[in-house]
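Working notes for the structure below.
The values are calculated or read from the model by the stated rules, or taken from the named source; none is laboratory data. Keep in mind it's a predicted model, so treat the numbers as computed, not measured. Ideal geometry is used to build each Cβ from the backbone, glycine not excepted, and the neighbour counts take in all protein chains shown.
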Amino acid sequence: MKNLILLLLPIVMLLLVSCGTNPQKADPNKEQEKTEAVTTKTSEVTYVITGGVDMLSLFILTAVYTDASGKKATESITTFPWVKTISVTTPFNAILDVEKIPIVDYAVKEKYGVEIHTAISFSGFQSYDTGKSTIGADKVKDYQKKFVERNFKKEETIK
């Protein structure tokens, strides 16, 4: 009997060791996935372009923006302020830019109301500057050249 116990003892010990709790190591990739889970919600994004009173007589302006599906969209600017509000699902990368083409045959005046401002709002509509800068008639060609080179691109990530 003693021999039987001595024979079974190593087998029982082996079973106890192999059947013990085996804490699985946490997979760091799965933990990271949990912390990086993205919560989506719907948000309003408002794009705004404002400008001086003579900008549309000196330039053909086009708004370039990210539409609700995330694709590039364009729209002619025919009046200021130009405002476009869209409903998006967050996270959303909103981009607004202005394409500019100088008008060669513009009406000659003593001075011109110029300047332009772009803005992206996603926390409610705000008021925006309409541009109060002026230039004399002798400065228009130089202003057109410099204005076309300026960058008005805005980009906001809405989370």
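A few remarks follow.
- Among (1) farther than 30 Å from Glu149 by Cα; (2) modelled with pLDDT of 95 or more, the one test that Lys2 misses: (2)
- Test: residue in the stretch 118-128 that is within 16 Å of Val48 (Cα to Cα), within 29 Å of the chain's Cα centre (by Cα), surrounded by fewer than 15 Cβ atoms within 10 Å (Cβ to Cβ) and among the aromatic types (Phe, Trp, Tyr): yes
- Selection status of Phe152, surrounded by 11 or more Cβ atoms within 10 Å (Cβ to Cβ), part of a loop (DSSP other than H, G, I, E, B) and not charged (D, E, K, R): yes
- When residues in the stretch 89-108 are screened for being over 16 Å from Ala119 (Cα atoms), out of contact with any Ser or Thr (no Cβ under 6 Å at 6 or more places or on another chain), in contact (Cβ under 8 Å) with a residue 12 or more places away in the chain and of a type in the set (Val, Ile, Thr), 3 of them pass.
- Every pair of residues 6+ apart whose Cβ atoms lie under 7 Å, when the first sits in the stretch 138-159 and is at pLDDT below 90 while the second is small (Gly, Ala, Ser): Ile158/Ser43; Ile158/Ala94
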